[in-house]
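Right, one structure below, let's go through it.
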Amino acid sequence: MSLPWQDATDNKIRQASCVEVSNSGTFMVAGGRDGLIKIYNITDPKNPIEQSTIETGLTLTDVAISPDEKWVAFTGNGFSLMVYDLADLGNPKLLATEKTPGNKPGHRSISVAIAPDSKWLAVAGYALHHSLLLYDMEHPEKPALIPVPEEVKGPVSFVDISRDGKLMAMGTLGEDSGVIIYNVADPKKAEQADFIASNTSSCSGAFNPGKNELALDLGDKEIVLFTYRYDLANLGAAKPVEPDNQKSSESYIGFEPFALTITKAVFLVLQVLACFYYSTKKDKTQKLPI
């Protein structure tokens with residue numbers, strides 16, 4: 001099953017770039033590099049129904065639906081965050097468009113992750129300053145910046161929040177690239193808890209929705225899957241967190257790589273690759289897969 005991304009009479013070059021399915025599995029939201037937003041009712045996945053189409057005029061790079069399904073957030077070129085209300089899927093209302101602090105030109109926000117309680121989110125950007133932004137989303141129409149532990153200077157490749165809302169992973173690019181793990185049990189007091197070095201300047205990752213697992217691409221042409229555990233009383237301790245290969249302690253976060261034979265880890269990667277492949281495939285129909 002595939003869906004047309006553009007009307008047959010549309011002469012514009014259309015290209016989908018991101019897609020997200022709601023927690024309930026009843027609808028999905030897709031965004032494009034062409035600035036197009038589409039919302040589909042997928043109560044019956046075999047018979048998706050387009051609910052609405054929005055022209056933003058901005059390049060969109062990532063999308064995330066709040067777990068409470070009340071709003072949706074986008075990242076893109078020239079802005080840090082765009083938020084739409086989802087009370088009426090047939091007529092979403094723009095709630096807010098946030099610029100980068102200082103409104104410096106050339107900024108691209110490329111990744112967004114929303115906490116499981118829908119009360120805050122994280123945005124990663126490709127910029128020289130303010131590459132990681134945290135927003136209080138208690139009032140989605142007025143996102144409020146949350147101070148980060150230290151301003152991230154340099155491009156960031158991804159950001160994700162664990163499904164219990166206690167950890168945040170952020171990938172950095174360039175010199176000394178890798179994945180920084182933060183304790184975000186209280187996002188207003190976020191603390192760095194671990195760092196996993198990348199083999200090259202390319203890294204990406206995502207938390208498993210159902211388990212204490214984190215899948216990472218550390219640039220060595222293979223995906224490494226980590227398990228983690230934590231003691232909130234000891235997160236963010238001054239002593240660097242070491243890989244927990246021996247399972248010798250329960251007092252700190254531990255990351256233990258194991259063979260990539262777990263279906264869910266493969267599925268996470270294939271989802272991303274499939275979305276990118278079909279979104280950039282140049283054919284006459286420009287179709288978006290479900």
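Summary table
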{"item": "Among (1) surrounded by fewer than 22 Cβ atoms within 10 Å (Cβ to Cβ); (2) at pLDDT 90 or above - the single one Asp164 does not satisfy", "result": "(2)"}
{"item": "Test for Leu167: is it under 17 Å from the mean Cα position of the chain (by Cα) and not assigned by TED's automatic domain parsing to the domain that holds Thr59", "result": "yes"}
{"item": "Search result, residues across the stretch 189-212 that are at pLDDT below 85 and closer than 19 Å to Asn23 by Cα", "result": "Asn208, Pro209, Gly210, Lys211, Asn212"}
{"item": "Filter result (out of contact with any strand residue (DSSP E or B) (no Cβ under 7 Å at 6 or more places or on another chain) and either at positive phi or not assigned by TED's automatic domain parsing to the domain that holds Leu121 (or both)) within the stretch 19-76", "result": "Gly25, Gly57, Glu69"}
{"item": "Identity of the residue in the stretch 21-45, of a type in the set (Val, Ile, Thr) and under 18 Å from Ser66 (Cβ atoms), that ends up surrounded by the fewest Cβ atoms within 10 Å (Cβ to Cβ)", "result": "Thr26"}
{"item": "Elements of type strands (runs of 3 or more DSSP E) contained in the stretch 58-139, each with 1 or more residues being under 20 Å from Pro209 (Cα atoms) and modelled with pLDDT of 95 or more", "result": "60-65, 71-76, 108-114, 120-126"}
{"item": "Flag if Ala169 is crowded, with 22+ Cβ neighbours inside 10 Å, at pLDDT 80 or above, out of contact with any Pro (no Cβ under 9 Å at 6 or more places or on another chain) and under 27 Å from Thr75 (Cα atoms)", "result": "yes"}
{"item": "Within the stretch 183-203, tally of residues that are of a type in the set (S, T, N, Q) and crowded, with 21+ Cβ neighbours inside 10 Å", "result": "2"}
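The values are calculated or read from the model by the stated rules, or taken from the named source; none is laboratory data. Since we're looking at a predicted model, the values are computed, not measured. When we count neighbours, we look across all protein chains shown, and the Cβ atoms used for this are built from the backbone with ideal geometry, even at glycine.
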